[in-house]
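Worksheet for the structure shown next.
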Amino acid sequence: MSDDKIDLSVLDPTHDGPRWERLVVAVAERGRAARRRRLTVSFQLVAWLRPALAAAACLGLLGGVAIATSAPSGATPTTASAADDPAFVLAAWAATSERPDTAEILRVLGASHGTD
Amino acid sequence: MLCTDATATLVVRAQRGEAAAFEALARAYLRAAYSVALGFVGRPADAEDVAQDALVQAFEHLDSCREPARFAGWLLQIVRNRARNGLASRKLRDVPAAEAPSDPPADGAPPDAGALRRELCAALGRLGAVPREVVLLHDLEGWTHAEIAAGLDISEVMSRQHLFVARRALRRALDGPSAGGEDE
């Protein structure tokens, strides 16, 4: 007895043929549009991803190189320029009670003049 | 249902973007999707929504279908997931299927079709998930056991067994409590 098919026709949505046909067409169109939209976004992402990553890598590399090359050369001139600074030299003379000779005073002040 | 070769061809054509292939796939599988969804959500109108949304989602992600010949099984898994999500959101809204207003009768259906439909849905709801899908795909959608086995990833023997169990349970439910002892 259980081998007989159960009549489930009241649950069949295709009873209303034209309505079901409209549904099929609408679903196909919605699906196709959704896929097209998705592919467009995906392709744009993929297209932009590689150049963006390459640019970021280049910037990172350049930044690293710049830091590596500028850090040591920047420290020396700062120390040297501090030693040549007339204010620094005069302050050092005052602090140590050193008595520079005239030529040295003229050189320091002259250098101060020259830098301006 | 289309044979696996025809399905695979249509899927490949749809992956290339051919509009006719989308329509052929929708025509071949929308009712199967509806049958599986109905087993989950228990209400024809909700099942139609779930089936449509699942098919649209499947088309949108058609490239994820790595084995076009197994499109049916892949699609039905999407249907189940969407149906579960639909059920969860319906529970949140607190509208049980049994208390929901009945759907209007379809054209050509007898006047008391609404009551019979509700009765059938309730009886289907008392079945296990797999027997329910098997009986709907076999007796409503007209799939063979081989097609059901491929679609549900079970053996043909199991498909026959589930169908037998489901039909017996449905008959008991539809014939009323007095008919329950006949098969035992």
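The values are calculated or read from the model by the stated rules, or taken from the named source; none is laboratory data. Since the model is a prediction, treat every value here as computed from it, not as a measurement. Counting neighbours? That spans all protein chains shown, and the Cβs are built from the backbone with ideal geometry, glycine included. Just the protein is used for accessible areas: all its heavy atoms, side chains included, with ligands, DNA and RNA removed. Shrake-Rupley method; radii C 1.70, N 1.55, O 1.52, S 1.80 Å.
Hey, could you check region A:42-66 for residues that are under 30 Å from B:Glu18 (Cα atoms) and surrounded by fewer than 10 Cβ atoms within 10 Å (Cβ to Cβ) and say which is modelled with the highest pLDDT?
Checked region A:42-66; the qualifying residue modelled with the highest pLDDT is A:Arg50.
If I go through region B:29-43 residue by residue, how many of them are open to solvent by 10 Å² or more (accessible area, probe 1.4 Å) and more than 8 Å from chain A (Cβ to nearest Cβ)?
Number satisfying all stated conditions: 3.
Given the criteria at the interface with chain A (Cβ under 8 Å from one of its Cβ atoms) and surrounded by 23 or more Cβ atoms within 10 Å (Cβ to Cβ), does B:Phe59 qualify?
Yes.
So B:Ala69 ticks every box in (1) more than 20 Å from B:Gly39 (Cα to Cα); (2) within 13 Å of another protein chain (Cβ to nearest Cβ); (3) modelled with pLDDT of 75 or more but one. Which box is left unticked?
Single failed check for B:Ala69: (2).
Modelled with pLDDT of 85 or more, within 14 Å of chain B (Cβ to nearest Cβ) and open to solvent by 80 Å² or more (accessible area, probe 1.4 Å): which single residue out of A:Asp7, A:Asp3 fits that description?
Working: A:Asp3 fails: modelled with pLDDT of 85 or more.
Of A:Asp7, A:Asp3, the one residue that is modelled with pLDDT of 85 or more, within 14 Å of chain B (Cβ to nearest Cβ) and open to solvent by 80 Å² or more (accessible area, probe 1.4 Å) is A:Asp7.
Answer yes or no as to whether B:Ala106 is of a type in the set (Gly, Ala, Ser), open to solvent by 20 Å² or more (accessible area, probe 1.4 Å), in a helix (DSSP H, G or I) and modelled with pLDDT under 90.
Here the answer is no, as B:Ala106 does not meet what is asked.
Which pairs have Cβ atoms under 9 Å, sit 6 or more apart or on different chains, and link a residue in region A:86-103 that is at positive phi and without any contact (Cβ under 8 Å) to a residue 60 or more places away in the chain to one that is open to solvent by less than 80 Å² (accessible area, probe 1.4 Å) and basic (Lys, Arg)?
none
What residue, among those in region B:4-28 that are touching a residue at least 40 places away in the same chain (Cβ under 8 Å) and at the interface with another protein chain (Cβ under 10 Å from one of its Cβ atoms), is nearest to B:Leu87 (Cα to Cα)?
Among them, the one singled out is B:Leu25.
I want to confirm something. Restricting to region B:149-163 and keeping residues that are more than 14 Å from every other protein chain (Cβ to nearest Cβ), assigned to a helix (DSSP H, G or I) and at pLDDT 90 or above, which single residue is nearest to B:Thr4 (Cα to Cα)?
By that ranking, first place goes to B:Ala149.
Select from region B:164-177 the residues that are in a helix (DSSP H, G or I) and among the small types (Gly, Ala, Ser) and write down the one among them that is modelled with the lowest pLDDT.
Result: B:Ala173.
I need the full set of residues from region B:10-26 which are basic (Lys, Arg) and surrounded by fewer than 17 Cβ atoms within 10 Å (Cβ to Cβ), in order please.
Once the filter is applied, which keeps residues that are basic (Lys, Arg) and surrounded by fewer than 17 Cβ atoms within 10 Å (Cβ to Cβ), region B:10-26 yields only B:Arg16.
Having 2 or more residues that are within 13 Å of A:Pro13 (Cα to Cα) and out of contact with any Ser or Thr (no Cβ under 8 Å at 6 or more places or on another chain) is the bar; report the helices (runs of 4 or more DSSP H) wholly within region B:1-63 that clear it.
The helices (runs of 4 or more DSSP H) meeting that bar are B:19-41, B:44-60.
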